[in-house]
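Below is one structure, written out as structure tokens; the observations come after it.
The values are calculated or read from the model by the stated rules, or taken from the named source; none is laboratory data. Since the structure is predicted, the reported quantities are computational estimates derived from the model, not experimental observations. Don't worry about glycine lacking a Cβ; one is built from the backbone with ideal geometry, like all the others, and counts go over all protein chains shown. For accessibility, only protein heavy atoms count, side chains too; no ligands or nucleic acids. Shrake-Rupley method; radii C 1.70, N 1.55, O 1.52, S 1.80 Å.
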Amino acid sequence: MTGSRGLARKVTDSLSPIDVINARQLSQTGQGDLGDALVLTNPSLNMQAHQTDQAAFVSSIRMRGLNPDQVLILIDGKRRHTTANINSDSGPESGETPVDIDMIPMSMIDHIEVLRDGAAAQYGSDAIAGVINIILKKGAHGGSQQALAGATYPGDGFTYQVRGDHGISLGDDGFLHFGLDFKHNDLTSRDAIDNRTGRKDFNQEGEPDQTRVNVAINWGKDLFGGAANFYGNVIYGHRHGESPQYFRVASTLPSYYPWGFAPVDTSDEDDYAATVGLKGDNFLGFGWDISTTYGADNFHLRQHDSANLSYLATYGWTPTSFNLRSFQSTQWTNNIDFHRAIRVPLLAAPLHLAFGAEHRMESYTMTAGDYASYYGSGSQALVGLSPSNAGSWYRDVYAGYVDVDVKPVKRLDIDFAGRFEHYTDAGNAETGKIAVRYDFTKWFAIRGAINTGFRAPTLAEEHYSTLGVAPTYAGGQLAVASAAASALGAIPLKPEFSTNASGGFVLRPVKNLNITTDVYQINIRDRIINGGSYSGQQAVDAIEQMGIQVPSTIAPSSVTAHYYSNGASTRTQGLDIVANYLTDLHQMGTINWDLGLSLNRTRLTHLGNDTNGNPLLTAQTISYLTTTSPRSKIMMSARWKYRNFDVFIQEMRWGETKDMKSYRTGPYANSNSVFYPFANTPVWVTNAEFGYQATHKIHIAVGANNLFDMKPRRLPADGTYAGAEIYDDYSNQMGYNGGYYYLRLNSTF
């Protein structure tokens, strides 16, 4: 079980809050993406409403109001590599390169264990908010298939998906299980009328067009008469995506685009990972596990229906398609782990000892785009990466840990964990954890934990730079170690450190009813965020010092420059309640009831300054940290199964989010210091599914996510870009695609 090194426990007996989400629960959401399915099955998980530019091609999970980089993703207990595709836009997740969980085939998932507690002392960097451990299928026989088709209420975003898995035996003591997912979804658009043209020319607010293929193989085989088990898995995913950018009016380049144009970013991504390991039960009395995992993500960003006006002015013509940049992220992790139960006099149960070591090598590579993509003011919408900003960077990480679980008396369980990590670029980190549980009776227990954690800055956060250009404003991202960023007061990045305290109880008052309640407080020091915001001529000079020319059509007052910084410290407090109950109606079937409640708030406890004495964060970037996650999330659901019929109903309430928005018109348009507050008020959403077991092996279902087509509040007129971009992209509340309706067919064999 996640959070217990080599020690098996039931979830209801755990020292920290853990939720188990099985494959059936994921399937009944009707979602083709794992990220979207998780948000509909767990109250502590959220996603940003919408990502733009290249970030639109990544799916990442937030836990307990913290960012995706602060959530560790495991596959069968092994660390998963991160995406190479950095979120280059402003907003709560700027600079993030999290694990892209949509590149893991859902057909291969047996269940998912969500540990809602800090676990850096056990698993290392990034496990500040918690851990999501994805457990793959290991069956030696049988399999399943699923076909899904759906569309949104306006009729766009048509989605179809097929997936399947199958297991075969490798003799009497082994298995080979493989699976495949194929998914395509069309573009969606929720933009209003463009007040410059009187037409709906925008395609900025919506989901990109995507096609994705994921395949995986998982295996296990006993060797040497059962003395060892050879295991491993290989996972590969390919994705192609297209995301339109802001519309350029006809006067921008009439000789090429007499009706105007919207540049389209296109991505091609290859993501792959392989794990090979050997484990056994008796090496000098210890259980042991030796493994190596290599993972990589290759991301290529291109653009069509665009132009470079500077190139046109110099050479008399301009390409309309560009190769903008490429990224590669690799992670090679080697682990050796031991565990053993040791009988100790006077203890109520054997002491359980676990210890191990890890070596991880990481790299990040940025490759320059075409010459025409970065020449002068660069390609429209997103400027290509220049050779001066390209490069490759590496680091090694060495770690060791010890975990001891003891039961001094029958009903008391105490777990101690400590870990040391050394980064060749970020220095050392020591973390620890103490977790305690006491069972007063078989139906009531209390538990609590105190732990420290950390997150090292990623190589992308340390070295990434770019320029994004809209028709009327531009934003430059400066590499924090560059001379340009140093001139604006940048300081080299250092790790985030956290202290997490939690406590709660487990209640099982009657048969089939389980209730868990946990409160927590997470203090994070030196959070890495896109800070150091400058505007005007200072910003223009800094961007051009990076070898990028700011278009002369954009006023300096509408140009901003940023760099990643350890900008602030925060305190996150919250309450999680999870309850489930099975009602047996005998001849009328059964009903599974589920209730989830997550209350959460984050406050700023310290604001840092740059070397020029200026605050690293503005009122806007502070709001990204503190109020863009919902203050509450409530999930209530029931699944009634009667004979061959089943009905699923879920009510979800998304709590309020707030942030400080930029004016798009008026005297404060695109200001870097004057903003207006905007709140997405709470909203109820209904999800429903009706299913029929047509045969013993075939199940048919029709369903709806957001049955009544609810959407967030619209931005005020002076906060909308060209009158068309009308929603808050940075809210981690519900998205704005509206209702989604689907037909699903499942079969097993």
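Using only Cα atoms, what Kirkwood radius does the chain have, in angstroms?
Values: mean 1/r = 0.0372 Å⁻¹.
Hydrodynamic radius (Kirkwood, Cα pairs) of the chain is 26.9 Å.
Could you do me a favour and compute the accessible area per residue for the chain, 1.4 Å probe, result in Å²?
Details: 27860 Å² over 749 residues.
It amounts to 37 Å² per residue over the chain.
For every helix of n ≥ 4 consecutive DSSP H residues, a contribution of -39,500 (n - 2.57) applies; sum these over the chain, divide by its total residues, and give [θ] at 222 nm rounded to the nearest 500 deg cm²/dmol. All intermediate terms of the calculation are to be shown ahead of the outcome.
Working: 9 runs with 53 residues, N = 749.
Value at 222 nm, helices only: -1500 deg cm²/dmol.
Between region 365-426 and region 168-221, what is the separation of their alpha carbon centroids in Å?
With region 365-426 and region 168-221 each reduced to a Cα centre, they are spaced 25 Å.
Relative to 2.2 N^0.38 Å, what does the C-alpha radius of gyration of region 639-749 come to as a ratio? Two decimals please.
Details: Rg = 20.5 Å, N = 111, 2.2 N^0.38 = 13.2 Å.
It is 1.55.
From the alpha carbon gyration tensor of region 211-303, can you work out the equivalent ellipsoid semi-axes (sqrt of 5 times each eigenvalue) and give them in Å, largest to smallest?
On the way: eigenvalues 565, 23, 10 Å².
Square roots of five times the eigenvalues give 53, 11, 7 Å.
Report the percentage of all Cα-Cα pairs in region 391-459 whose separation exceeds 14 Å, rounded to a whole percent.
Numbers: 1576 of 2346 pairs.
Beyond 14 Å sits 67 percent of the P(r) for region 391-459.
Return the distance in nm (one decimal) between the two label points of a simple spin-label model at Arg411 and Val436, each offset 7 Å from Cα along Cα→Cβ.
1.5
7 Å from Cα along Cα→Cβ at both Thr590 and Asn282: what's the point-to-point distance in nm?
About 3.9 nm separates the two model spin labels.
Could you please state how large a percent of the accessible area of region 602-641 is carbon and sulfur, counting protein chains only and using a 1.4 Å probe? Don't skip to the answer; put the middle values down first.
Numbers: 990 of 1710 Å².
After summing per-atom areas, the C and S share lands at 58 percent.
Show me 136-146, 78-88 ranked by packing, highest mean number of other Cβ atoms within 10 Å first. Mind showing how you got there, number by number?
Working: 136-146: 17.4, 78-88: 25.5.
The packing order, highest mean first, is 78-88, 136-146.
Give me Rg over Rh for region 121-272, both radii from the alpha carbons and Rh done the Kirkwood way, two decimal places.
On the way: Rg = 23.3 Å, Rh = 19.7 Å.
So for region 121-272, dividing Rg by the Kirkwood Rh gives 1.18.
Can you give the % of DSSP beta bridges in the chain that are antiparallel, to the nearest 5?
Expressed as a percentage, antiparallel bridges in the chain total about 95.
Would you mind estimating how fast region 350-446 diffuses translationally, via Stokes-Einstein at 10 °C and 1.306 mPa s with the Kirkwood radius over Cα pairs, in µm²/s? If you can, show how the numbers build up before the last one.
Numbers: Rh = 18.2 Å.
The Stokes-Einstein estimate is 87 µm²/s.
Give me, ordered by chain and number, the residues 5 or more places off Ile342 or on other chains with an amide H under 5 Å from its own placed amide H.
When sequence neighbours closer than 5 places are left aside, the close amide H contacts are Leu351, His352, Leu353.
Give the cross-link partners of Lys138 among the aspartates and glutamates, using a straight C-alpha distance below 15 Å as the criterion and excluding same-chain residues fewer than 8 apart.
Asp76, Asp110, Asp165, Asp172, Asp173, Asp222
I need the Debye-formula profile for region 1-149: one equal scatterer per C-alpha, no solvent, reported as log10 I(q)/I(0) at q = 0.10, 0.11, 0.20 1/Å, two decimals.
-0.34, -0.42, -1.33
Divide the volume of the convex hull of the Cα atoms of region 434-503 by its number of residues and quote the answer in cubic angstrom per residue.
Working: hull volume 11.5 nm³, N = 70.
Per-residue hull volume (Cα only) is 164 Å³.
My understanding is that a pair violates if its Cα-Cα distance is over 21 Å; which of Lys183/Lys697; Lys10/Lys137; Lys183/Lys641; Lys137/Lys279 do that in this structure?
On the way: Lys183/Lys697 23 Å; Lys10/Lys137 19 Å; Lys183/Lys641 29 Å; Lys137/Lys279 18 Å.
Checking Cα-Cα distances, Lys183/Lys697; Lys183/Lys641 exceed 21 Å.
For region 456-556, what are Rg and Dmax over the alpha carbons, in angstrom?
Looking at region 456-556, its Cα Rg and Dmax stand at 22.3, 71 Å.
Length gain on complete extension for the stretch Ala694 to Arg9, per 0.36 nm per residue less the alpha carbon to alpha carbon distance? Spell out each step's value before the answer.
Values: separation 685, 0.36 × 685 = 246.60 nm, distance 3.71 nm.
That pair, Ala694 and Arg9, stretches by 242.9 nm at full extension.
Between region 1-40 and region 691-713, what is the C-alpha centre distance in whole Å?
Answer, in whole Å: 22.
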